[in-house]
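First up is the structure itself, then whatever we jot down about it.
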Amino acid sequence: MALTIHLNCDTQDQPLNTSGVDWVELDETNDSLIFSGGSDSVRDGEPIPSESQLNQAGLLLIEPRIEQTIEKYFLADSDANLLRQIHNMGAGNYRYNMAFDFDAETVSEPTFEIYDDEDLDSIDNTALGAGTPSSSWYRGICTTDALPGVAWTGSRLAGSSDGHFIFLNSENGALVGADTLYLQLKIVIPSIQLDSLLTTPVFAVKYAIV
């Protein structure tokens, strides 16, 4: 049983394996996702940026303070040493951004969860709500069966507590065969956030197999 994860680095909102659509397979060991306000050096087709360049491209705190949604989402493609923008990821009403491609059935329904580190037992980081999942900045919604909707809200993602992870098969249960599941994701910084911070969350897909 194998799972591969793919990112839609195209402007077309079309499923995985659609001809002419630039879906890129994630190298889970070497690739990463970058969330940014963007800049001349942090944009589609540029080399993977340094930490300094990422800091310069961060969102600015605005007075009076308002809630802000991250605008740009990138795949840091280690094979090409390039940033590839995931154009339709974020607050828009788009369906096909993250694809989870399973080549066989599962015993349990796959879930998408976010943690502080690879131990998958902590959500202490500020962006994950500092231990309070309902305060997480990360929001997600399953788009396996349908568009997320205009101005979608989704679920706050932090750990595995009820309501703070995503069932990737639209709560339809375990997969009965090979299938591709989809997720839309956005990050919303609350108006009460006063300080900048560094956060490197771990995204996890959990499922059971025979």
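Any read-out appearing in this document is the output of simple, stated calculations on the displayed coordinates, not a laboratory observation. No experiment lies behind these values; they were computed from the predicted model shown. Don't worry about glycine lacking a Cβ; one is built from the backbone with ideal geometry, like all the others, and counts go over all protein chains shown.
Please report, in whole Å, how far the alpha carbons of the range 88-210 spread along each principal axis, starting with the longest.
47, 34, 21
So what is the calculated 222 nm ellipticity per residue for the chain, using -39500 (n - 2.57) for each DSSP H run with n of 4 or more, over all residues, to the nearest 500 deg cm²/dmol?
On the way: 1 runs with 6 residues, N = 210.
So the helix-based figure for the chain works out to -500 deg cm²/dmol.
Stretch SER78-THR200 to full length: gain in nm at 0.36 nm per residue minus the Cα-Cα span? Don't skip to the answer; put the middle values down first.
Working: separation 122, 0.36 × 122 = 43.92 nm, distance 1.69 nm.
Length difference between fully extended and current span is 42.2 nm.
Under 8 Å for C-alpha pairs, at least 6 residues apart: give me the relative contact order for the range 20-63, rounded to a whole percent. Spell out each step's value before the answer.
Details: 20 pairs, mean separation 15.2, N = 44.
About 35 percent, as a whole number.
Take the chain, mark every one of the GluC sites (Glu not before Pro) that falls in a DSSP loop and has at most 15 other Cβ within 10 Å, then report the longest stretch left between them, sites excluded.
Values: sites that count: GLU28, GLU67, GLU71, GLU105, GLU118, GLU171.
Result for the longest clean stretch: 119-170.
Multiply the residue gap between ASN55 and ALA174 by 0.36 nm, knock off their C-alpha separation, and tell me the result in nm, one decimal place. Walk me through the intermediate numbers first.
On the way: separation 119, 0.36 × 119 = 42.84 nm, distance 4.11 nm.
Contour length minus the Cα-Cα distance gives 38.7 nm.
Which whole number in µm²/s is D for the range 3-206 by Stokes-Einstein, with the Kirkwood Rh taken over Cα pairs at 37 °C and 0.692 mPa s?
Numbers: Rh = 17.5 Å.
Translational D for this selection: 188 µm²/s.
So if we plug the beta-carbon distance of LEU147 and VAL21 into 1/(1 + (r/R0)^6) with R0 = 22 Å, what FRET efficiency do we get, rounded to 0.05? Each step should come with its number before you reach the end.
Details: r = 17 Å, r/R0 = 0.76.
E between LEU147 and VAL21, to the nearest 0.05, is 0.85.
Which trypsin sites (Lys or Arg not before Pro) from the range 1-77 combine a DSSP loop assignment with at most 16 other Cβ atoms within 10 Å? Mind dumping the intermediate values first?
Working: sites: ARG43, ARG65, LYS72; in loops: ARG43, ARG65.
Passing sites in the range 1-77 are ARG43, ARG65.
For the range 54-210, calculate the relative contact order in percent as a whole number, restricting contacts to Cα pairs under 8 Å that are 6 or more residues apart.
Values: 347 pairs, mean separation 51.5, N = 157.
Relative contact order for the range 54-210 comes out at 33 percent.
In whole Hz, with x marking every Gly and Pro, tabulate ³J(HN,Hα) for the range 197-209 from phi via Karplus 6.51 cos²θ - 1.76 cosθ + 1.60, θ = phi - 60°.
7, 9, 9, 10, x, 10, 8, 10, 10, 10, 6, 10, 10
With the crude spin-label approximation of a point 7 Å out along Cα→Cβ, what separation in nm comes out for ASP117 versus ARG65?
Placing both labels 7 Å along Cα→Cβ, they lie 2.8 nm apart.
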